[in-house]
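The values are calculated or read from the model by the stated rules, or taken from the named source; none is laboratory data. Here the structure is a predicted model, which means the values were calculated and not measured. No Cβ is skipped: glycine too gets one built from the backbone with ideal geometry, and neighbour counts run over all protein chains shown. Heads up: the accessible areas ignore ligands, DNA and RNA and are worked out on the full protein's heavy atoms, side chains in. Shrake-Rupley method; radii C 1.70, N 1.55, O 1.52, S 1.80 Å.
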Amino acid sequence: MINTDTPLQDRFGRGVEYLRLSVTDRCDFRCVYCMSEDMTFLPRAQILTLEQLYDIASSFVHLGVKKIRLTGGEPLVRKNVMALVERLGQLEQLEQLHLTTNGAQLDKFAAPLKAAGLTGINISLDSLQPDRFKELTRFGELKKVLTGIDAARDAGFQRLKLNAVILKGRNDDEILDLIDYVRDKHIDISFIEEMPLGNISEHDRALSFISSEQIRSKIESRYALTPTTENTGGPSRYYRMSDSTSRIGFISPHSNNFCHLCNRVRLTVEGRLLLCLGNEHSVSLKEIVDRYPGDDQKLREAIIKAMDLKPERHHFSLDDEPQIVRFMNTTGG
Ligand code: SAM
Ligand code: SF4
């Protein structure tokens, strides 16, 4: 019998302490790098119920996971998502409960999320120009998102972070504007290199690609950056400016291999446990929770066994064909 009381570890000795939990594949935006315009979303019968999401998350916490990030799709479009946040917020061993959101509904949700025990929010924002913001998100209203960011600050979230995907020729002229915005608001920002997830036809990823190094040198044309050893448990490499509290992070799956530090796994809303963002290795936990509802032992055993499938590293390249056919919204970005 498998011992289900020891912390999770993979074959390469990496402890797994971080779960990214996708609570829906749906979204009220259609960002050009994330989705195609005519997306088909999963039928309800194929997705985990909120109860099942909770059972799986709490099994992970029992197995030593200290941080959970709710993501998607857009987590705040999932009906009754607050009920899940409230229950997760009460798990004592869970040190960090974070959310990644497009921010469009934060004006309404920020205060209740804080009250429910959420400890951090990442907000995706790629442009500060209303027309361009609409073009990049296909549906987004910039003003709503900016109001949402202020609502999150007012609700008392200490460290807020923006995530920005920079595309050459689309928003690379806004890098310094985004930096000035986060400096003004005293929040952090991470720049993410576009990843080849899902088939999108809107643009050619090889042409839009801009590396973290290029972004960094643009920022350094105005602000000197000092590397820090700070680590928020993720793949971002952080820098600071001497006259600001804001941290600037770079997530560089192409140009910087962060796999040896990888402490995370992802659960899709279909209940597939993905052991690596850039590989298809996965196990269905939905089969377990459908077949043995409420049986924590079975669930924990399945999770422990799945750790053996975590690959050593991913390989992304800028070839035309995405190596991974699933979209970021089903992956849990
Ligand atoms: N809807 C939420 C949001 O936008 O923050 C959460 C889910 S979204 C998939 C999570 C993150 O993935 C966002 O910051 C988004 O910019 C990023 N993302 C989506 N597709 C991407 C891609 N192809 N390459 C790099 N980042 C991507
Ligand atoms: Fe929606 Fe987030 Fe994907 Fe944009 S990046 S389409 S907001 S899931």
Next on the checklist: Could you tell me the center-to-center distance, by alpha carbons, between the stretch 66-127 and the stretch 174-188 in angstrom?
Outcome noted: 23 Å
Checklist entry - Once both axes come from the Cα atoms, what is the angle between helix 142-154 and the longest principal axis of the chain, in degrees from 0 to 90, rounded to 10? => result 70 degrees
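Set the bar at 23 Å for Cα to Cα. Now go through Lys168/Lys310; Lys79/Lys114; Lys108/Lys134 and name every pair that lies beyond it.
Numbers: Lys168/Lys310 33 Å; Lys79/Lys114 18 Å; Lys108/Lys134 21 Å.
Where the Cα-Cα span goes over 23 Å, the pairs concerned are Lys168/Lys310.
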Checklist entry - So which GluC sites (Glu not before Pro) in the stretch 61-109 end up in coil per DSSP with only 14 or fewer other C-beta atoms within 10 Å? => result Glu92, Glu95
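Quick one: plug the Kirkwood hydrodynamic radius of the stretch 127-186 (C-alpha pairs) into Stokes-Einstein at 25 °C, 0.890 mPa s, and report D in µm²/s.
Reported coefficient: 198 µm²/s.
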Next on the checklist: At 222 nm, what value in deg cm²/dmol follows for the chain if DSSP H runs of at least 4 each add -39500 (n - 2.57) and the sum is divided by all its residues, to the nearest 500?
Outcome noted: -8500 deg cm²/dmol
Next on the checklist: Can you compute 3J(HN,Hα) from phi for each residue in the stretch 285-300, using the Karplus curve 6.51 cos²θ - 1.76 cosθ + 1.60 with θ = phi - 60°, rounded to whole Hz and x for Gly and Pro?
Outcome noted: 8, 5, 4, 5, 6, 6, 7, 10, x, x, 8, 4, 4, 4, 5, 5
Checklist outcome for this item: For Ser190, other-chain or 5+-apart residues with amide H closer than 5 Å (H placed, Pro excluded) are Leu162, Asn163, Ala164, Gly249
Next on the checklist: Between 0 and 90 degrees, rounded to the nearest ten: what's the tilt of helix 50-62 against the longest Cα principal axis of the chain?
Outcome noted: 90 degrees
Checklist entry - What part of the accessible area of the stretch 49-158, given as a whole %, is carbon or sulfur when the probe is 1.4 angstrom? => result 47 percent
Checklist entry - Taking only the alpha-carbon positions of the chain and ignoring solvent, what does the Debye formula give for the base-10 log of I(q)/I(0) at q = 0.14 Å⁻¹? => result -1.17
Item to check | Selected from Leu261, Leu99, Leu274 as most flexible by GNM, with the chain as the system and alpha-carbon contacts under 10 Å | outcome: Leu261
Checklist entry - Got a sec to turn the phi values of the stretch 73-85 into Karplus ³J(HN,Hα) couplings, 6.51 cos²θ - 1.76 cosθ + 1.60 with θ = phi - 60°, whole Hz, x for Gly and Pro? => result x, 9, x, 6, 8, 6, 4, 6, 4, 4, 4, 5, 4
Next on the checklist: Defining a contact as two alpha carbons under 8 Å apart and six or more residues distant in sequence, what relative contact order in percent does the stretch 18-331 show?
Outcome noted: 21 percent
Next on the checklist: What are the extents of the Cα atoms of the stretch 1-92 along their three principal axes, in Å, largest first?
Outcome noted: 46, 31, 22
Checklist entry - In terms of modelled amide H atoms, which long-range or inter-chain residues lie less than 5 Å from the amide H of Leu118? => result none
Next on the checklist: Taking the solvent-accessible surface of protein heavy atoms with a 1.4 Å probe, what is the per residue accessible area of the stretch 1-107 in Å²?
Outcome noted: 43 Å²
